[in-house]
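Heads up, the thing below is written out as structure tokens.
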Amino acid sequence: MNLLSEVRTMTDEEHRLLNEFVSDLYGISFPDERRQLLESRLKPRLQALDMSRFMDYYLRLQYSFDEEATSFTRLITNNESYFFRETRQFDALFEEAWPEITKGVNNGGPVRILCAGCSSGEEPYTLRIFSETQRHLFPRLAMKIDGFDIDQDRLDRATRAIYGRSSLRATGENQIRRFFTRTGSELYSLNEHLRQDTRFSPGNILDTSAYPNLGSYDALFCRNVLIYFSERALHRAIENFARAVRPGGYLFLGHAESIIGLSEAFETVRFERCIAYRRSR
Ligand SMILES: C[S@@+](CC[C@H](N)C(=O)[O-])C[C@H]1O[C@@H](n2cnc3c(N)ncnc32)[C@H](O)[C@@H]1O
């Protein structure tokens, strides 16, 4: 006999409260068209906690967030990422913006890159692989990469740097042989030298204390994250990005994301295969 309570359908009020909560906290929005998604993602957690109403879960978030944070964050985020995903922005960085960026770097120091919403590390490590393959074009390619994300589980995976086939679905066999070491039947460990100078930490795009080095980044990548943000959160994210990127540095977003007309702190730059944003001087 199943003694667990049946979870009731999410009411309008519960949807409104939960959506406001997530959106204020992380920027991620679940408007009407994504309401079912929110409901289906949270439902198993209510079942596990033996709760029948989404209101009970909302109250748990209100009053015991620290205990619930890990499970909740894992459930409401979309962590999809893979190596060599949308390479246009990487091409633009290394093939077009790089000479200007390196000119602006102080005292021959490393180029500093931030990946906001880095998930399990595929994006920052793809940047490493790109720089490795382009080393012959640019002698000075020392790079420090910081990555942060709200999902600790994903950050742990990023630090381990061991990936399955799904993360490597856009990576050619030659590249897999060159940059990874097979560690299990379908598991591949990124070679040690490509992990150097890449650090991961927990952090929220909406909270500037998450940014390890405000004002110092030559390029900031935030791809496939803002697409889920509320308008208010989007504005806050842009303000924070403007504080994180140095004057003359670049912001690269995903191909479906744009901040055109939303901020005077960035000017739009048209590269050959994508658009990016340069921090005004
Ligand atoms: C779809 S993944 C994109 C990963 C990577 N940027 C890419 O394009 O492959 C979105 C990531 O953003 C993270 N995220 C969502 N809201 C965030 C926030 N407010 N602060 C930091 N990370 C966030 C999620 O946890 C998730 O790992």
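Only helices enter the 222 nm calculation for the chain: every DSSP H run of n ≥ 4 contributes -39,500 (n - 2.57), and dividing by all residues gives -11000 deg cm²/dmol, rounded to 500. Determine the shape class of segment 215-265: with a ≥ b ≥ c the square roots of the Cα gyration tensor eigenvalues, call it rounded for a/c under 1.5, and otherwise prolate if a/b is greater than b/c, oblate otherwise. Note, shape of segment 215-265 comes out prolate. Calculated FRET efficiency, residue 35 and residue 63, Cβ-Cβ r, R0 25 Å, to nearest 0.05? It comes out at approximately 0.55.
Solvent-accessible surface of segment 1-129, averaged per residue with a 1.4 angstrom probe and all protein chains in place: 47 square angstrom.
Solvent-accessible area assigned to carbon and sulfur over the chain amounts to 46 percent, based on a 1.4 Å probe. DSSP beta bridges fully contained in the chain are about 40 percent antiparallel. Under a 5 Å amide H cut-off, with hydrogens placed 1.01 Å from N, residue 144 pairs with 111, 112, 113 among residues at least 5 apart or on other chains. Here the Karplus relation 6.51 cos²θ - 1.76 cosθ + 1.60, evaluated at θ = phi - 60°, turns the backbone of segment 42-58 into coupling constants of 7, 3, x, 5, 4, 4, 4, 8, 6, 10, 9, 10, 4, 4, 4, 5, 4 Hz, with x for every Gly and Pro.
Computed from the Cβ-Cβ distance with R0 of 41 Å, the FRET efficiency linking residue 169 to residue 231 stands at 0.80. For segment 237-281, the Cβ-based charge dipole about the Cα centre amounts to some 200 debye (Lys, Arg positive; Asp, Glu negative; other atoms uncharged). Taking the charge dipole of segment 88-279 about its Cα centre, with +1 at Lys and Arg Cβ atoms and -1 at Asp and Glu Cβ atoms, the residue from 206, 92, 256 reaching farthest to the positive side is 92.
For the chain, taking a cut-off of 4.7 Å between Cβ atoms, the unpaired cysteines are 222, 274. Classification of segment 107-225 by its C-alpha gyration tensor yields an oblate form. The axis ratio a/c (a ≥ b ≥ c) is 1.5 or more, and b/c is at least a/b.
Here the 3J(HN,Hα) profile of segment 236-241, calculated from phi with Karplus coefficients 6.51, -1.76 and 1.60 at θ = phi - 60°, is 5, 4, 5, 4, 5, 4 Hz, Gly and Pro shown as x. Put a plus charge on the Cβ of each Lys and Arg, a minus charge on the Cβ of each Asp and Glu, and nothing anywhere else: the dipole of segment 122-281 about its Cα centre is then about 460 debye.
Under the convention that each Lys and Arg Cβ holds +1 and each Asp and Glu Cβ holds -1, the size of the dipole of the chain around its Cα centre is about 1020 debye. Rounded to the nearest Hz, the phi-derived 3J(HN,Hα) couplings of segment 154-166 under the Karplus curve 6.51 cos²θ - 1.76 cosθ + 1.60 (θ = phi - 60°) are 5, 5, 4, 5, 4, 5, 5, 6, 10, 10, x, 4, 5, where x marks glycine and proline.
Between residue 182 and residue 87, the modelled labels are 2.3 nm apart [label points 7 Å from Cα along Cα→Cβ].
The values are calculated or read from the model by the stated rules, or taken from the named source; none is laboratory data. Keep in mind that this is a model prediction, so the values were computed, not measured. Here Cβ is always computed from backbone atoms with ideal geometry, including for glycine, and neighbour counts include all displayed protein chains. To get the accessible areas, we keep the full protein, side chains included, count just its heavy atoms, and leave off ligands, DNA and RNA. Shrake-Rupley method; radii C 1.70, N 1.55, O 1.52, S 1.80 Å.
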